[in-house]
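In what follows, a structure is listed as structure tokens, so that the remarks can point back to it.
Every number here is computed from the coordinates shown, using simple stated rules; none is lab data. On a predicted model such as this, the values are computed, not experimentally measured, just so you know. In this analysis, Cβ positions are derived from the backbone assuming ideal geometry, glycine residues included, and neighbour counts consider all displayed protein chains.
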Amino acid sequence: MDMQRHWSNVYQQKESTSVSWYQDRPVLSLELIQRTEIKPDDAIIDVGAGASTLVDHLYGLNYRNITLLDISEESLNIARERIGDKHDAAIQWIAGDITRLELPQHAYDVWHDRAVFHFLTDPEMRDRYVAQVKHALKPGGHVIMATFAPDGPTQCSGLDVARYDPNTMQHVFGDAFKLVYSTSEQHKTPWAAEQSFIYCYCRMS
């Protein structure tokens, strides 16, 4: 399957506020990013940012070095139009497949991913993803991952997904990462269905 085309079609066919993962305010993501105690000009990358409102809230909290990455340029364009050009100096935009593109080495203090990693059902793709984190994150950097929990959906947007608990997440990422904290969330979709997520906050050695 052409994943870029798949996700572009999703955003062409649906309003960004009607996709299942939409959050008006991503409370847990914001809490965990603030828990890292990074400085306002430290670098945050949001992988699978799409049209998420996380960037709006991060900017509102005075973070000024934010990279938004998504496989779908259409989704990033939605965020660009919503935000406008007033934040241009604070935000970088990258359209591409996280398992294939080249990121700068040791560039980011925080790696955030809500609802991308669980789509990587192929072990080779997961290994590529973890290698990207190790390459792009600064030593001692922070990793915040949110995926479907063991009792979460088995599919999303017509695709199979993997489900995780904190132990399986730690196993996939390996000894280079230390689990600092984990929590769960019952996410309500725009149509009021509930989806179980887990959030894992790790530090890279």
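Taking every DSSP beta bridge that has both ends in the chain, the antiparallel portion is near 50%.
Peptide packing: for 114-124, 143-153, the average count of neighbouring Cβ atoms within 10 Å per residue gives the ranking 143-153, 114-124, highest mean first. What the phi angles of the range 113-122 give under the Karplus curve with 6.51, -1.76 and 1.60, with θ = phi - 60°, is a coupling list of 9, 10, 6, 10, 4, 6, 7, 8, 8, 8 Hz, glycine and proline written as x.
Normalise the Debye intensity by I(0) for the chain, one equal point scatterer per Cα, no solvent, then take log10 at q = 0.08, 0.13, 0.15 Å⁻¹ and round to two decimals. Values, matching the q order: -0.24, -0.67, -0.93. Once the convex hull of all Cα atoms in the range 67-160 is built, its volume per residue stands at 121 Å³. Under 5 Å from the amide H of Gly141 lie the amide H atoms of Met204, each residue being 5 or more positions distant or on a separate chain, with H modelled from the backbone and absent for Pro and chain starts.
Distance between the C-alpha centres of the range 18-51 and the range 116-179: 16 Å, rounded to the whole angstrom. Ranked by the mean number of other Cβ atoms within 10 Å per residue, highest first, peptides 43-52, 157-166, 194-203 order as 43-52, 194-203, 157-166.
Think of it as helices only: each DSSP H run of n ≥ 4 in the chain is worth -39500 (n - 2.57), and spread over all residues that comes to -8500 deg cm²/dmol at 222 nm. In this structure, the amide hydrogen of Leu120, modeled 1.01 Å from its nitrogen in the peptide plane, lies closer than 5 angstrom to those of Ala162, counting only residues at least 5 positions away or on a different chain.
Taking amide H positions as modeled 1.01 Å from N, with prolines and chain starts lacking one, the residues under 5 Å from Val180 and 5 or more places away or on another chain are Tyr201, Cys202, Arg203.
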